[in-house]
Amino acid sequence: MRRASIFFFCILLWPRLICAQSEDVRDRLRALEDRIRSLEAEVEALKAAQARVSAAATTAPTPAPPVPAAPAQETTVPREVQLPPGAPLTPSGSLPVYGGASAAAKVLNPDVSVIGDFIGAAGRNPINPFPSLEMHESEVGLQAIIDPYARGDFFFTFGEEGVGLEEGYITFTSLPGGFVAKVGKMRSSFGVVNTLHNHNLPWIDRPLVTDSLVGGEDGISDAGLSINRILPAPRGIYLDATAQIFRGDSGDVFTSSQRNNVSTVGHLRAYHDLSDSTNLDVGFSYARGHNDLGSAYRTELFGTDITLRWKPLKRAIYHSFLTRTELIWSRREQINNIQRPFGLYTSAEYRVNRRWTVGGRYDRSGRSREASLTDSGFSTLLTYWPSEFSQIRGQYRYTKYAEGIGANEFLFQFLFVLGAHGAHPF
């Protein structure tokens, strides 16, 4: 009786068990169908993306042949790296290198820049006049890292008088003992203005003392060797020393008539932060060489420069102030006497806002061959910066020459930069 009851009970429950199992199977089948449809959609999307990549590769211009020394053009993606959605893969399973041809070319090519300097003048100056309109200079710069131990810098100038090499040197940055060396043609480290290219000046012209005692626009610039080192100093003071030796030909300042008529330049610079926004820069310079009268006659130059800067950290592009004074003494040996002229300039400039800068300069200088003749003058300036790559400047200049002649002039300048021009020393 008991066995019959159990058998009868199983017969009653069997249909329900079969129905429950069927419902579970149907649910699993539906889930599998949904998963298959999703995978099919993903496969179709990948095929479409691959077709677009293949079409783009077919229509794209043929890339330049690979450079043997260049690094590999593809980087295999590790399995653990998650690609961003939609990032295409190459057939080898690697990420494409965008701009590969240009990147390879950049390995072997230096940074190239061109700076245009257009100047105009109005007014009267019978002693030292500017042309009414002049493409004063076009400077082409080539700069590159040569290897981990050196870099190269070349600056060519194209003017109305022809083409010249303003500077071209190699800098060795990793010498033992903390030394830095430069070899080639370069501007000497005498003072401040002598080191600056025309486009980096805060004025259109150069001060009278530069024209009279330090060789004018070209200044002390020659083929030579320069050694620089940071010296130990009290805390908070940056002390930098430079020693240079040149062939001995620098315009009308130094003239070499024999192989051993070299010229030498020394410069000592001290820098100190007075506050977070204010710093003081003081320099001492000395130069010595032979002059145009022959090997028996020498010219010596002594100089000092003082610069005070104010640049608030958060507002430097809107407001800043700089004032600088440079004093130069000359000792020139001549046939019957020794000339000891003295000259100076002092200047100030204030950035009113991001676009406008105002400034002024006072000049006074004796003449290298006739120290008793002294010229003086002053200038006012207004500069407008459309952007970091161009500027428009106007300058009123009054000069009182030793002959008693006064010159009133208005100068204007357009500067513009093309390409990647490296930063100038601070």
Tabulated pairs, segment 267-281, first among the β-branched types (Val, Ile, Thr), second at pLDDT 95 or above and not in a loop (DSSP other than H, G, I, E, B), C-beta under 6 angstrom, 6+ apart or interchain: 278/310
With the structure loaded, tell me whether residue 191 is surrounded by 15 or more Cβ atoms within 10 Å (Cβ to Cβ), on the phi > 0 side of the Ramachandran plot, under 21 Å from the mean Cα position of the chain (by Cα) and in a strand (DSSP E or B) or whether it fails that test. no
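Residue by residue, here is whether (1) small (Gly, Ala, Ser); (2) buried (at least 16 other Cβ atoms within 10 Å of the Cβ); (3) touching a Phe, Trp or Tyr at 6+ places or on another chain (Cβ under 9 Å) holds:
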position: 317; (1), (2), (3): no, no, no
position: 359; (1), (2), (3): yes, yes, yes
position: 365; (1), (2), (3): yes, yes, yes
position: 369; (1), (2), (3): no, no, no
position: 375; (1), (2), (3): no, yes, yes
Please go through segment 380-391 and pick out each residue that is surrounded by 13 or more Cβ atoms within 10 Å (Cβ to Cβ) and either modelled with pLDDT under 95 or farther than 22 Å from residue 124 by Cα (or both). 383, 385, 389, 390, 391
Matching residues, segment 323-356, being under 29 Å from the mean Cα position of the chain (by Cα), buried (at least 21 other Cβ atoms within 10 Å of the Cβ) and without any contact (Cβ under 8 Å) to a residue 60 or more places away in the chain: 351
For segment 212-223, the count of residues that are surrounded by fewer than 22 Cβ atoms within 10 Å (Cβ to Cβ) and at pLDDT 95 or above equals 1
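Okay, residues lined up against (1) modelled with pLDDT of 80 or more; (2) assigned to a helix (DSSP H, G or I); (3) at positive phi; (4) under 38 Å from the mean Cα position of the chain (by Cα):
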position	(1), (2), (3), (4)
29	no, yes, no, no
34	yes, yes, no, no
48	yes, yes, no, no
51	no, yes, no, no
54	no, yes, no, no
62	no, no, no, yes
68	no, no, no, yes
Look through segment 379-401, keep the residues that are under 16 Å from residue 129 (Cα atoms) and of a type outside the set (Lys, Arg), and return whichever of them is farthest from the chain's Cα centre (by Cα). 401
Could you count how many residues in segment 321-346 are modelled with pLDDT of 95 or more and more than 18 Å from residue 214 (Cα to Cα)? 3
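The values are calculated or read from the model by the stated rules, or taken from the named source; none is laboratory data. Keep in mind it's a predicted model, so treat the numbers as computed, not measured. Every residue, glycine as well, gets a Cβ built from its backbone with ideal geometry; the counts of neighbours run over all protein chains shown.
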